[in-house]
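**Student:** Structure in structure tokens, see below.
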Amino acid sequence: MDKMVKASDAVQGLVKFERALTGAELDHVEKVLKECVAQAHADVNVSYQQPGGFKFKNGKFPDDVECKKIVGVDAAGENVTLAQELGRLKHAAAFACVKARLPPIIRDNFAVEPRYKPDPETNGVVLTNKGPKTLHPDFVVHGTRNATDVQCVYELKFPCLSSNKLDPFTVAGAEAQLRAYQKLTNRCPAAIVSPEGLFELRI
């Protein structure tokens, strides 16, 4: 009897170890993602205009001309626009917010900016650091401590141009990007999270 109890406990432990998030937990993750993205968007727009920073004409957010303004050069020597710089800062702020706000019980069930490559041996994917034909989503919900057991995929977008703000799928390449990420899972639609909310891929 003692051995049976121990075996049962071991199986329960394994199930818990490998579990996916429940519907309620996933709803909470998405709520936090939306709130953090909106907060990062607002906070960075304010902090970027502090003394020594670039001032937006309307004092709240950049207009289309300002979005296209060159503000620097990256490590590869390519020009960096204000839109790209703000996007980088907002991603960092949103990731910090999400990590701080999600409860410890699900911290082993998500990954920030994992990179995947196809694995022909298993007809699946493995984690990698670099390389061609890799997938690099912003935020992934997965089985406990198993980032290749993908449950849901989210991409954070901070559209700068006025034509893209209400619908982030109008950003060039956004839909194709999510369709590629959808190959990682069939358990839920890949989605974009923007300051306007969560937008699921139409499949």
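The values are calculated or read from the model by the stated rules, or taken from the named source; none is laboratory data. Remember, predicted model here, so these are calculated numbers, not experimental data. Cβ atoms come from the backbone with ideal geometry, glycine included; neighbour counts cover every protein chain shown. Ligands, DNA and RNA are stripped out before the accessible areas are found, and what is left, the full protein with its side chains, is counted by its heavy atoms. Shrake-Rupley method; radii C 1.70, N 1.55, O 1.52, S 1.80 Å.
**Student:** Please count how many residues of region 101-116 are loosely packed, with under 14 Cβ neighbours inside 10 Å and farther than 17 Å from residue 155 by Cα.
**Tutor:** Residues meeting the conditions: 4.
**Student:** Would you mind stating whether residue 98 is at pLDDT below 95, within 28 Å of residue 19 (Cα to Cα) and either open to solvent by 70 Å² or more (accessible area, probe 1.4 Å) or not in a loop (DSSP other than H, G, I, E, B) (or both)?
**Tutor:** No; evaluated as a whole, the condition is false for this residue.
**Student:** When residues of region 117-138 are filtered for being surrounded by 10 or more Cβ atoms within 10 Å (Cβ to Cβ) and basic (Lys, Arg), how many remain?
**Tutor:** Count: 1.
**Student:** Here's something else I'd like to know. What is the residue count in region 140-189 for residues that are in a helix (DSSP H, G or I), hydroxyl-bearing (Ser, Thr, Tyr) and open to solvent by less than 40 Å² (accessible area, probe 1.4 Å)?
**Tutor:** 1
**Student:** Ok, one more. Answer yes if at least one residue in region 136-150 is hydrophobic (A, V, I, L, M, F, W, C) and out of contact with any Phe, Trp or Tyr (no Cβ under 7 Å at 6 or more places or on another chain), and no otherwise.
**Tutor:** For region 136-150, residues hydrophobic (A, V, I, L, M, F, W, C) and out of contact with any Phe, Trp or Tyr (no Cβ under 7 Å at 6 or more places or on another chain): present.
**Student:** Can you pull out the residues in region 71-90 that are in a strand (DSSP E or B), more than 17 Å from residue 161 (Cβ to Cβ) and open to solvent by less than 60 Å² (accessible area, probe 1.4 Å)?
**Tutor:** Of everything in region 71-90, just one residue is in a strand (DSSP E or B), more than 17 Å from residue 161 (Cβ to Cβ) and open to solvent by less than 60 Å² (accessible area, probe 1.4 Å), namely 72.
**Student:** Out of all the residues in region 28-40, is one or more in contact with a His (Cβ under 7 Å, 6 or more places away or on another chain), under 22 Å from residue 197 (Cα atoms) and at pLDDT 95 or above?
**Tutor:** no
**Student:** Hey, another quick one. May I ask you to list the residues in region 4-27 that are assigned to a helix (DSSP H, G or I), surrounded by 12 or more Cβ atoms within 10 Å (Cβ to Cβ) and either modelled with pLDDT under 90 or in contact with a helix residue (DSSP H, G or I) (Cβ under 8 Å, 6 or more places away or on another chain) (or both)?
**Tutor:** Answer for region 4-27, where residues must be assigned to a helix (DSSP H, G or I), surrounded by 12 or more Cβ atoms within 10 Å (Cβ to Cβ) and either modelled with pLDDT under 90 or in contact with a helix residue (DSSP H, G or I) (Cβ under 8 Å, 6 or more places away or on another chain) (or both): 17, 25.
**Student:** Here's a follow-up. Within region 121-139, how many residues turn out to be in a loop (DSSP other than H, G, I, E, B) and of a type in the set (Val, Ile, Thr)?
**Tutor:** Count: 3.
**Student:** If the requirement is being outside any loop (DSSP other than H, G, I, E, B) and touching a helix residue (DSSP H, G or I) at 6+ places or on another chain (Cβ under 6 Å), which of these qualifies: 93, 111?
**Tutor:** Being outside any loop (DSSP other than H, G, I, E, B) and touching a helix residue (DSSP H, G or I) at 6+ places or on another chain (Cβ under 6 Å) holds for just one of 93, 111, which is 93.
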